[in-house]
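Heads up, the thing below is written out as structure tokens.
The values are calculated or read from the model by the stated rules, or taken from the named source; none is laboratory data. Note that the structure is predicted; figures quoted are calculated from it, not measured. Here the Cβ positions follow ideal geometry from the backbone for every residue, glycine too, while neighbour counts run over all protein chains shown. SASA here: full protein model, heavy atoms, side chains in, ligands and nucleic acids out. Shrake-Rupley method; radii C 1.70, N 1.55, O 1.52, S 1.80 Å.
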Amino acid sequence: MAVDTLTMTVLVIIYLAATLIIGYLGYKKTKSTEDYLVAGRDSHPVIIALSYGATFISTSAIIGFGGQAANLGMGLIWLTVLNIGVGILLAFVIFGKKTREIGQRLRAVTFPDLMCKIYKSPLMQYIAGFIIVVSMPLYTAAILIGGARFIEPTLGIDYATSLILFALITAVYVVFGGLIAVMYTDAFQGTIMLIGMTVLLALTLIAVGGFTAGSTALTNMAGLVPKALADQGMTGWTAMPSLGSPIWFTVVTTLVLGVGIGVLAQPQLVVRFMTAKDNKSLNRAVLVGGPFILMMTGVAFTVGALSNVYFYQTSGKIAIDAAGGNVDAIMPLFINQAMPDIFVIIFMLTLLAAAMSTLSALYHAMGTALICDLWGRGKECALSMQAHKYGIVIMMVLSTILAFLLPISIIARATAMFMGLCACAFLPAFAVGVYAKVPSTKAALCSMVTGAVVWFAWTAFFHAAEAKPLGLCQAVFGRVTLLGAPWTAVDPIVIALPISLIVMVVMQVQSGKAQPTAVAG
Amino acid sequence: MIFGIPDPQILLGYGLAIGFTLACIVYGLLHWNEENGNGS
């Protein structure tokens, strides 16, 4: 650490105190179950935009994917294109408004509840709730691990204590304040993230002599690309990998498409649309959301790539070598070496804010799914605020246990896996559900199950990055993956999402004479 | 080579990222008071 632990500890305590006070304000405003679940459907546009953005962007996006940009180059800027074009414009304008209108009309309070009411299918709610309760702890555990890994060296607290403290402090304001507290604190944390990333961009450009000078230097470093990466298709940090090469597949299918499209049907983000009072609020949120995401991922990927220039000029090494081969260590190392002490503190708070804002949203989404969509589905008990508090605590405990069981290097992989599964299972049914006049329940159920099953099969038996550590293919078939290159580098979303979409469209067309549903009515 | 970047695919990526951001700003301003839904 470039700054002393005492200073950092004091500032973290001030930050946590401010977060808890803001969470308390949310708690005081929470009077009904609808307040607790959908923030009273009356959120301010800026709160919606910052909450959506801060939930969307976790530590993984800044540290994990920023490190990937340092390793694989500026091609990751295409993920920013999708983050803004799909994650904000398409999400808010095409899906957000319809989701808000239908959610308000049908009084839906969670994503599975929305699907159930659109399709008039309790089974849909059970399946969607089950997928959330089973898969979201994986992503939550990854966020917990990332947060604990940051707290451990920063505050000098051992890893296990860091993880438990991080889980408990975040859970406090989620449990008591519900979604209003979550969104208020998200907005506060989003503001810190915006300040931190703006300063990071400015100081990085100063360090490398400006964008053009830095990019030119980076272009001239193409000959320094490690042989292992060059053999797999990497041609330099300012150029896309060779078309069809293993690295091209990794960058385009896993990092860009997997995460870029996966954001569309994430339950914790869809719920944000249902917190808006009217469509005006969502229109105004777009204005804030686009620049916010550009300043998060666009800056992280640009700074990550340009960090190679800084490391080479100061130590004669490229970023990945300077970080000892650990992609996740590149951004923290760059901050510590290239930035003034005061910014190290700001950036550390930025990371803590990014982790807490995503974590709080996941706790809320998992807890409400457990109570409203599974245990209490269709029962009066699902409307009890107290029951949801228990649900959030249960899911928090399960996620924390999982975080202790998972390997530390799981962060970026778990993020991509969760987003991929959400897109494959939910996106076609969600898209047709909010737009079709007569959406087919049978088509949606088949699409959801097919998407989830194909995603899992490709993950466990074909995609080497997951198949290898899972070991299921090895145990069943005696080999790491069932197919060879390039299929081992093709992300599950590229296979499972089109299949899920085809199932949805074909069955939807076939059911042209189906009974009208709530949406049509 | 523009802005020190030789690959037009990277330049296009930066151009689209900034373009979509501007589109978000313009959309928000143009539709600031528009309530075109039927749910309110």
(request) Could you tell me which numbered condition A:V93 fails, if it satisfies all but one of (1) over 30 Å from A:M221 (Cβ atoms); (2) more than 9 Å from every other protein chain (Cβ to nearest Cβ)? (result) (2)
(request) State whether the residues of segment A:467-478 include one that is in contact (Cβ under 8 Å) with a residue 24 or more places away in the chain and within 24 Å of the chain's Cα centre (by Cα). (result) yes
(message) Can you tell me which residue is nearest to A:T238 (Cα to Cα) among those in segment A:83-102 that are touching a residue at least 24 places away in the same chain (Cβ under 8 Å), among the hydrophobic types (A, V, I, L, M, F, W, C) and surrounded by fewer than 24 Cβ atoms within 10 Å (Cβ to Cβ)?
(response) A:V86
(request) Identify all residues within segment B:13-24 that are farther than 20 Å from A:V309 by Cβ and either surrounded by 15 or more Cβ atoms within 10 Å (Cβ to Cβ) or among the small types (G, A, S) (or both); write none if there are none. (result) B:G15, B:L16, B:A17, B:I18, B:G19, B:F20, B:T21, B:A23, B:C24
(message) All but one of (1) part of a helix (DSSP H, G or I); (2) more than 20 Å from the chain's Cα centre (by Cα) hold for A:V109; state the number of the condition that does not hold.
(response) (1)
(request) Identify the single condition in (1) at pLDDT 90 or above; (2) among the hydrophobic types (A, V, I, L, M, F, W, C); (3) touching an Asp or Glu at 6+ places or on another chain (Cβ under 7 Å) that A:A18 does not satisfy, given that it satisfies every other one. (result) (3)
(request) Could you grab me the full set of residues in segment A:165-224 that are buried (at least 21 other Cβ atoms within 10 Å of the Cβ), of a type in the set (G, A, S) and either closer than 30 Å to B:M1 by Cα or over 27 Å from the mean Cα position of the chain (by Cα) (or both)? (result) A:G214, A:S215
(request) Go through (1) surrounded by fewer than 23 Cβ atoms within 10 Å (Cβ to Cβ); (2) of a type in the set (A, V, I, L, M, F, W, C); (3) more than 24 Å from the chain's Cα centre (by Cα); (4) away from every other protein chain (no Cβ under 11 Å) and name the single condition A:L243 misses. (result) (4)
(request) Please name all residue pairs, on different chains or six or more residues apart, with Cβ atoms under 8 Å, provided the first residue is in segment A:127-139 and is in a helix (DSSP H, G or I) and the second residue is among the β-branched types (V, I, T). (result) A:I127/A:V449; A:G129/A:T110; A:Y139/A:T415
(message) Return the residues of segment A:103-112 that are open to solvent by 10 Å² or more (accessible area, probe 1.4 Å) and either within 11 Å of chain B (Cβ to nearest Cβ) or among the charged types (D, E, K, R) (or both); say none if nothing qualifies.
(response) A:Q104, A:R105, A:L106, A:R107
(request) May I ask you to list the residues in segment A:200-233 that are more than 12 Å from every other protein chain (Cβ to nearest Cβ) and part of a loop (DSSP other than H, G, I, E, B)? (result) A:V225, A:P226, A:Q232, A:G233
(message) I'd like to check something: does segment A:269-287 contain any residue that is without any contact (Cβ under 8 Å) to a residue 24 or more places away in the chain and within 19 Å of the chain's Cα centre (by Cα)?
(response) no
(request) Spot the failing condition for A:K120; the list is (1) more than 19 Å from A:V259 (Cβ to Cβ); (2) within 14 Å of another protein chain (Cβ to nearest Cβ), and only one is missed. (result) (2)
